[in-house]
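Accompanying notes for the structure given below.
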């Protein structure tokens, strides 16, 4: 009789079956492993860049967002932003930046868990990692919008620069600045990780679905016939 | 079963592909560049140009209208810098009586900036930080403010005989001082005053690793600011050369490890340190070996005649490594608190030798390999070339032609002379290139002479060794000259500057006081081709000597490394006010103002103090963007600061004149620059006494 736990984690692969079809069972685990590595490595790469160009900054100003910190000309950009009454960038997404590494580590472990769960519930474990890139965009947009729309009305240039939503991807402009924003390598690694997980599930299902079906069939055969 | 077996076969290559893709994503160069946070920018590409017939016609028309010949067009093409293009070399020039140093780009000859050394200068805020300005303090001599200098010879710091771009030294002839400039922020860090002598000439010259900065004297005096009548000249007056010990890690001269060498009262002139073959020696010229004391008013021959009477003066040959040992062995005496190796010590220790040189010469310049010392005749149409091998041999063999009145051995002229080369009238100074040529300025001929070196240089050029090759006229009265890194162990052979003293008709007339003329010569082609390609008027002092360094050797800071940087100590200053830390505090009549400057406001904007308060005012420019410089001035109190990004400055004054004083930012820092101001309220004593006595108030 299958327990609730067995239903949850799905059937185990019998030794002889694993030996016979090693590749079939290793593939999903390997792809998940790749996804996890990509996700982990993404911590060390920038997720998002913005370059600001203006005549008096011939070398441009740069803003680089890692999942847990901001680098680049933050100080200078904050200095300029004070003219239009925008709050310092350091005040944005403070929780997200503090939690991101832990969240990524948690996703790392959950995806590892997904490799050991051979039922459809594995998808649930991997869901945070799959949706992470979209959540990142949503969060970035939220903060940009919040900051852009809540300018201090007493700022020096508040009469000439009205509240606006900065462009988070592609070309935008504010005052004499042109802004160019794009995702960084870290973001694409996270996207790659999510894509790997989706592909991994194809092989996951291909490997474990027959076992589940067989187990169900066996259970049906062994079960006493209802009268 | 067969079916399921077949499926995983194509999964294997797919998995490999995925893994490969993932690793590519990690190591793609683009990703790495992005990680730097700096996208690579496309720089304007210099494509080979083709001039169309139409453009040629246009060029010809302009040239004819402006009366330019083809040589002029070529000269323009060699020197013109399009907007945004950087010069290849930086010329550090003495600013003469302006007391400053000028930095000029070569080949464009555009003035990049001046660096204040001996003269307070308001734009740089140099010497305008109130009563306690350390700059003002460093410009005092015997308690007197001496607010100018006659800057003469700049010397770039060297490592193994080559410019390293770290420091610049400059001598003040009028007051026997030496300035030390740090080339990270291009600011003067130290001024040392020679306590032995009133004036000097041969400063500054560095030893090949900048262990010492050499300062040769000039007009003999009684060392240590002493007095003796001219009748006692021979007995009491002395010359000297000083070895200033440079501490590279501190970026300062260490006066306690420095010493001087007493010399006979001949007027020492220029100096140069030996290198490579002649490392361990330095050489100083002299004139007035006659020890003439002038007195034209008494019917005596004037100095100009008396000091030029003999046929020979003395090239001083100093073994400075031996001198250093003698100093370290405690063989120096103190004069006016400064260590001096006395003449008898130098003679006994084999530190000092003389070699005869044609009378009243000017520069002594060592060839890049250190083999030869070239002495320019000034009053003699030759340069006299000495060989270090022959000098060493003559010293070893004691090949003396005699001793001077003070007992200094004089090496036999013929034993140490390599050759004499006739160049023309008034040879003064010599520099070198990488093609085996030397270049000597001819003051009276108003020309630059190119001549061929011999010895190991003979194979580098097509000419006979030790021969005049070309004389290019310059306008006019050339003093020093300077080729690109032309006094190092590896000259570049690229450009040459003629520091022409008179410009006469070269520029528009600017009243009776005319600018000097820095002329740029193209010395790239060998042989007789050596045209003047640019004239550059210098209308701020009479520069004396300059050195030209490859621009990429300079590792200048774009902004100060940390916010709160004190340029005097070249370190972060614990007193620098931080953002949020501003305010005004009082202790009795002592007031401390802590202020920050950031586009476009000072914090605080109102400072309220009382008449008679002694104010210490600290400002940090909490800026980090390149060129976001602020100024700060208080009218009527002689205060103006230059607050470069990150810079911290402290100034102080006594608020002795009450009133309402606007202070403002003196650099056009931003669109709201005019709004970057505030008020200093100095309450009159009458208004203060009617109020209760304040103790400590934090206005913030």
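The values are calculated or read from the model by the stated rules, or taken from the named source; none is laboratory data. The structure displayed is predicted, hence computed values, not measured ones. Backbone-built Cβ (ideal geometry, glycine too); neighbour counts: all protein chains shown.
Structure summary
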quantity	calculated
Boolean, residue B:215 is more than 23 Å from the chain's Cα centre (by Cα), within 30 Å of residue B:157 (Cβ to Cβ), in a strand (DSSP E or B) and in the same structural domain as residue B:331 (by TED's automatic domain parsing)	no
Failed item, numbered, when residue B:36 is tested on (1) at pLDDT below 95; (2) surrounded by 15 or more Cβ atoms within 10 Å (Cβ to Cβ)	(2)
Enumeration of residues in region A:14-24 that are at pLDDT 90 or above and either within 9 Å of chain B (Cβ to nearest Cβ) or not in a helix (DSSP H, G or I) (or both)	A:20, A:21, A:22, A:23, A:24
Per-region count, region A:55-68, residues more than 16 Å from residue A:176 (Cβ to Cβ) and within 12 Å of chain B (Cβ to nearest Cβ)	5
Which numbered condition residue A:10 misses (of (1) buried (at least 18 other Cβ atoms within 10 Å of the Cβ); (2) more than 10 Å from every other protein chain (Cβ to nearest Cβ); (3) within 27 Å of residue A:187 (Cβ to Cβ))	(3)
Residues of region B:611-629 that turn out to be in a strand (DSSP E or B) and under 29 Å from residue B:557 (Cβ atoms), as a count	6
Strands (runs of 3 or more DSSP E) wholly inside region B:459-518 containing at least 3 residues that are at pLDDT 95 or above and surrounded by fewer than 20 Cβ atoms within 10 Å (Cβ to Cβ)	B:468-473
Count of residues meeting criterion [part of a strand (DSSP E or B) and more than 13 Å from residue B:620 (Cα to Cα)] in region B:557-571	1
Residue match in region A:114-121 (condition: free of Cβ contacts under 8 Å to residues at least 60 places away in the same chain, part of a helix (DSSP H, G or I) and away from chain B (no Cβ under 13 Å))	no
Residue A:221 modelled with pLDDT under 90 and farther than 26 Å from residue A:92 by Cα	yes
Residues located in region A:71-91, provided they are within 10 Å of another protein chain (Cβ to nearest Cβ), buried (at least 18 other Cβ atoms within 10 Å of the Cβ) and not in a helix (DSSP H, G or I)	A:72, A:73
Evaluation of residue B:226 against (1) within 28 Å of the chain's Cα centre (by Cα); (2) more than 29 Å from residue B:357 (Cα to Cα) (one fails), failing number	(1)
Filter result for the condition that a residue is under 30 Å from residue B:133 (Cβ atoms), in contact (Cβ under 8 Å) with a residue 40 or more places away in the chain and assigned by TED's automatic domain parsing to the domain that holds residue B:649, over B:624, B:596	B:624
Total residues in region B:425-434, condition touching a strand residue (DSSP E or B) at 6+ places or on another chain (Cβ under 9 Å) and surrounded by fewer than 19 Cβ atoms within 10 Å (Cβ to Cβ)	1
Test for residue A:160: is it more than 12 Å from chain B (Cβ to nearest Cβ), modelled with pLDDT under 95, surrounded by fewer than 19 Cβ atoms within 10 Å (Cβ to Cβ) and within 23 Å of residue A:73 (Cβ to Cβ)	no
Scan of region A:35-47 for residues that are at the interface with another protein chain (Cβ under 10 Å from one of its Cβ atoms) and in contact with a strand residue (DSSP E or B) (Cβ under 8 Å, 6 or more places away or on another chain), ordered by number	A:46
Unique residue being more than 13 Å from the chain's Cα centre (by Cα) and in contact (Cβ under 8 Å) with a residue 12 or more places away in the chain when the list is B:160, B:155	B:160
Selection from region B:177-206 of residues that are crowded, with 23+ Cβ neighbours inside 10 Å and not in a strand (DSSP E or B)	B:183, B:194, B:196, B:197
Test: residue in region B:242-251 that is surrounded by fewer than 23 Cβ atoms within 10 Å (Cβ to Cβ), touching a residue at least 40 places away in the same chain (Cβ under 8 Å) and assigned by TED's automatic domain parsing to the domain that holds residue B:187	yes
Selection from region A:25-34 of residues that are within 20 Å of the chain's Cα centre (by Cα), touching a residue at least 24 places away in the same chain (Cβ under 8 Å) and at the interface with chain B (Cβ under 9 Å from one of its Cβ atoms)	A:31, A:34
Condition met for residue B:552 (closer than 29 Å to residue B:95 by Cβ and without any contact (Cβ under 8 Å) to a residue 40 or more places away in the chain)	yes
Residues of region B:611-624 that turn out to be touching a strand residue (DSSP E or B) at 6+ places or on another chain (Cβ under 8 Å) and within 14 Å of another protein chain (Cβ to nearest Cβ), as a count	4
Residue under evaluation residue A:94, criteria (1) within 24 Å of the chain's Cα centre (by Cα); (2) in contact (Cβ under 8 Å) with a residue 12 or more places away in the chain, criterion not met	(2)
Unmet requirement for residue B:445, which otherwise passes all of (1) crowded, with 24+ Cβ neighbours inside 10 Å; (2) closer than 18 Å to residue B:377 by Cα	(1)
Test: residue in region B:129-139 that is surrounded by fewer than 22 Cβ atoms within 10 Å (Cβ to Cβ), without any contact (Cβ under 8 Å) to a residue 12 or more places away in the chain and outside the structural domain of residue B:487 (by TED's automatic domain parsing)	yes
Residue in region B:519-527 that is assigned by TED's automatic domain parsing to the domain that holds residue B:542, free of Cβ contacts under 8 Å to residues at least 60 places away in the same chain, in a strand (DSSP E or B) and crowded, with 20+ Cβ neighbours inside 10 Å present	yes
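A quick yes/no check of all residues on (1) closer than 30 Å to residue A:60 by Cα; (2) not in a loop (DSSP other than H, G, I, E, B):
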| site | (1), (2) |
| --- | --- |
| B:578 | yes, no |
| B:592 | no, yes |
| B:596 | yes, yes |
| B:609 | no, yes |
| B:631 | yes, yes |
| B:640 | no, yes |
| B:645 | yes, no |
